1. Is it true that Val43 is in contact (Cβ under 8 Å) with a residue 12 or more places away in the chain, of a type in the set (Val, Ile, Thr) and within 19 Å of Ala342 (Cα to Cα)?
2. Looking only at helices (runs of 4 or more DSSP H) that lie completely in region 59-123, which have at least 3 residues being open to solvent by 10 Å² or more (accessible area, probe 1.4 Å)?
3. Kindly provide the set of residues from region 149-171 that are open to solvent by less than 10 Å² (accessible area, probe 1.4 Å) and free of Cβ contacts under 8 Å to residues at least 40 places away in the same chain, ordered by number.
4. Of all residues in region 125-148, which are surrounded by 21 or more Cβ atoms within 10 Å (Cβ to Cβ) and not in a strand (DSSP E or B)?
5. Sort out for me the strands (runs of 3 or more DSSP E) sitting completely within region 269-387 that have 1 or more residues that are over 15 Å from the mean Cα position of the chain (by Cα) and under 23 Å from Leu111 (Cα atoms).
6. Looking at (1) farther than 26 Å from Ser346 by Cα; (2) of a type in the set (Lys, Arg); (3) outside any helix (DSSP H, G or I), which one does Arg244 not meet, given that it meets all the others?
7. Residues Arg319, Arg377: which one is more than 30 Å from Val15 (Cβ to Cβ), surrounded by fewer than 18 Cβ atoms within 10 Å (Cβ to Cβ) and modelled with pLDDT of 95 or more?
8. Given the criterion closer than 20 Å to Phe167 by Cβ, open to solvent by 10 Å² or more (accessible area, probe 1.4 Å) and among the aliphatic types (A, V, I, L, M), identify the matching residue among Ala239, Ala189.
Amino acid sequence: MATIRSFDFRVFSYVLEGLSVDESQNTVYTPGSSVTRKGLAIVVTDSDGNRGEFVNLDSDSAMTAQSIAIANMLVGRDVDARELMYDDAKRVHRKQGAFGYSNLDIAIWDLAGKRANLPIYKLLGGFRKSLPAYVSTFHGDRNGGLSTKEAFADYAEACLEQGFKAFKIHGWSAGDRREEAANVLHVAARVGGRMDLMLDPACELRTFGDALYVGRACDEAKFFWYEDPFRDGGFSRHAHRKLRQMLKTPILMGEHIRGLEAKADAITAEATDYVRVNPTLDMGVTGAMKIAHLAEAHGLDVEFHGCGPSQRQVMAAVRNANYYELTLCAPGIGNPKPPIYACGYSDSPEHVDADGNVPMPDLPGIGVGYHWDFIIRSTTEQVTVGR
């Protein structure tokens with residue numbers, strides 16, 4: 001029986017050009033500016049010398065600290081006992097939601113795939129080999145990018161011409177209901193009927209009245225979904241159920257509630273029509289698959305938040321998902337990411353096929369190879385657990 005021997009953690013920094021952070025802490029297009037971000041690279045090694053890897057470009061300091069803490073309780077475990085490790089981590093870190101376990105679970109699944117010489121999605125059963133994608137925009141800016149409803153519509157048309165079948169708007173941080181509604185109607189007038197359209201205010205609308213006002217514009221424009229609209233933070237089952245009762249547009253919520261049981265409560269409370277999931281936040285591949293099958297059992301679709309190899313692997317293993325999210329994108333800069341992949345993998349909108357699909361990588365495990373020279377050069381902190 002192979003056991004987990006060690007986890008190696010590297011926190012690294014990277015710079016994204018053409019962006020800044022606005023007053024609401026949303027990232028927006030800003031020519032001449034840049035933002036510095038941190039990622040987390042994990043290597044798990046087993047007693048047979050096999051190696052699993054995962055790089056999370058969005059692991060903040062709290063998530064990283066929790067990942068390191070959980071790793072201490074996993075060293076020496078059977079590498080194939082993923083359900084037991086999931087269950088124990090969830091219990092021990094119940095006060096913190098165990099979100100840090102996500103990084104570890106994905107790395108352990110990468111290890112399992114490499115030991116079996118199969119990509120994760122095939123280990124999970126395999127449903128498809130390519131994924132229909134949608135462009136998910138950066139928030140609206142005041143800097144000459146996505147600054148007007150005309151700019152949003154122009155970008156949607158450009159994405160349609162490229163082959164995309166769907167387009168999601170992140171509006172302005174101001175959360176002005178009239179500006180948001182006008183944007184919804186204008187974009188729909190330009191591309192509606194030819195693309196599925198979605199709106200994600202990202203909890204910027206301040207009141208239920210604001211959310212209802214914008215939601216009625218989504219109804220008129222026949223939007224595919226309306227996501228996390230107002231300042232409850234995406235938590236209130238009651239408020240979202242009331243919104244569902246008053247609108248025709250399907251509601252998507254659940255991005256900010258963690259884990260299987262919380263998603264089940266949202267479904268049974270009739271708070272959502274689509275179920276949000278993210279393997280990097282919902283306890284990894286193991287947790288995301290549980291949520292996908294929970295939604296399936298209720299006859300609902302599960303929609304994956306964010307993009308990356310782990311999202312692709314899980315989405316390719318389930319039937320009940322519509323679109324892969326290319327987030328976040330803007331005209332002229334696409335979907336900026338640091339050069340961490342050494343295998344040709346990309347989440348750039350320029351790399352979809354003529355039908356707007358992204359392919360499934362077929363390398364074993366998570367399906368990608370990492371540019372470790374870049375990660376090592378950019379490392380700011382290193383921790384090893386076990387050995």
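The values are calculated or read from the model by the stated rules, or taken from the named source; none is laboratory data. Every value quoted in this text rests on a predicted model; they were computed, and no experiment measured them. So basically every Cβ, Gly included, is an ideal-geometry build from the backbone, and we count neighbours across all protein chains shown. Each accessible area value is taken on the protein alone, full model and side chains, heavy atoms only, with ligands, DNA and RNA left out. Shrake-Rupley method; radii C 1.70, N 1.55, O 1.52, S 1.80 Å.
1. Spelling it out, Val43 is indeed in contact (Cβ under 8 Å) with a residue 12 or more places away in the chain, of a type in the set (Val, Ile, Thr) and within 19 Å of Ala342 (Cα to Cα).
2. Qualifying helices (runs of 4 or more DSSP H): 61-71, 82-92, 101-116.
3. Within region 149-171, Phe152, Ala153, Phe167, Ile169, Gly171 meet the criteria.
4. Listed by number, the residues that qualify are Asp141, Gly145, Leu146.
5. 357-359, 379-386
6. Failing condition for Arg244: (3).
7. Arg319
8. Going through Ala239, Ala189 in turn, just one is closer than 20 Å to Phe167 by Cβ, open to solvent by 10 Å² or more (accessible area, probe 1.4 Å) and among the aliphatic types (A, V, I, L, M): Ala189.
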